[in-house]
1. Expected output is a single nm value to one decimal: the length gained when fully extending between residue 53 and residue 252, i.e. 0.36 nm times separation in residues minus the C-alpha distance. What is it?
2. Hey, with R₀ at 22 Å, roughly what FRET efficiency would residue 60 and residue 199 work out to, going by the Cβ-Cβ distance, to 0.05?
3. Tell me the Rg and the Dmax, in Å, that the Cα atoms of region 2-288 produce.
4. By per-residue mean of other Cβ atoms within 10 Å, what is the highest-first order of 76-82, 112-118?
5. Obtain the nm distance between the two label points defined at residue 103 and residue 261 by a simple spin-label model: each point lies 7 Å from its Cα along the Cα-to-C-beta direction.
6. Kirkwood Rh, Cα Rg: Rg to Rh for region 90-249?
7. What is the fewest-to-most order of 158, 48 by other Cβ atoms lying within 10 Å of their Cβ?
8. Mind ordering 165-173, 200-208, 134-142 by average Cβ neighbours within 10 Å, highest first?
């Protein structure tokens, strides 16, 4: 568990750094706009931006750290720890500004830390890892794809923070699928070798979910509200990952009263912490000044 937790926190830090760089590049690419016209051809402009490419490299390092964490632990263990990405985003937002985190930021960080402490200290709160069921993974995909289509369509009928949040939820769903597919693909590589992995579908599905999640993430950043986008992604990812774990990995939900109370308390504390952190000026102000 220690290795999994350590690499999960490293992944969260790297994802926060990547989001900081990519948000700055995305806002510069749309020149401060937030409508569909400004976002047209966004990815084509971003791949020529050195700042965005640096963020992409950091993001890739984060995926590698996440893959290692998922190899040592379950999605129900790794994904909640990625909530700390928002805490790291606040910290990075104050670097070089001469400002200290605001009281609301500190309260949010304490709430997130307390929620994770409850999750990791109460026996049975983290469910044991089960064997994956590929038919159930297909079922999860059949449920998730229409949800993403509806939300992404609704996003283009909104503006500003609402659009950023809706696109953030969509990208969070893709990143939750990516976590599951990373686990399947790394298991293939370790247990069956490269040749068997190359002819199996999870690796190709992983590439697709990662690419689509990346595109939606950049569009969420381009919508103009980093806090709204980060909050939506940060909360959607662990919730969807937990539901997928229960559905497709035969993971049992909490079976004792103490475990159920612990999971409920964790959900409340994480939601409260992320809500406080999402309002942080430190998360947005340095990026809004991007050229």
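1. On the way: separation 199, 0.36 × 199 = 71.64 nm, distance 4.04 nm.
Extra length available between residue 53 and residue 252 comes to 67.6 nm.
2. Details: r = 24 Å, r/R0 = 1.10.
The calculated FRET efficiency here is 0.35.
3. In order Rg, Dmax, the Cα atoms of region 2-288 give 18.3, 54 Å.
4. Details: 76-82: 25.1, 112-118: 18.7.
Answer by packing, highest mean first, reads 76-82, 112-118.
5. Distance between label points: 3.1 nm.
6. On the way: Rg = 18.1 Å, Rh = 17.6 Å.
Ratio value, two decimals: 1.03.
7. Working: 158 14, 48 9.
Lowest count first: 48, 158.
8. Details: 165-173: 27.6, 200-208: 16.2, 134-142: 13.7.
The most tightly packed comes first, giving 165-173, 200-208, 134-142.
Quick note: the coordinates plus some simple rules give every number you see, no bench work behind them. Please read these numbers as outputs of a predicted model, since none were measured by experiment. Quick reminder, even Gly has a Cβ in these numbers, built from the backbone with ideal geometry, and neighbours come from all protein chains shown.
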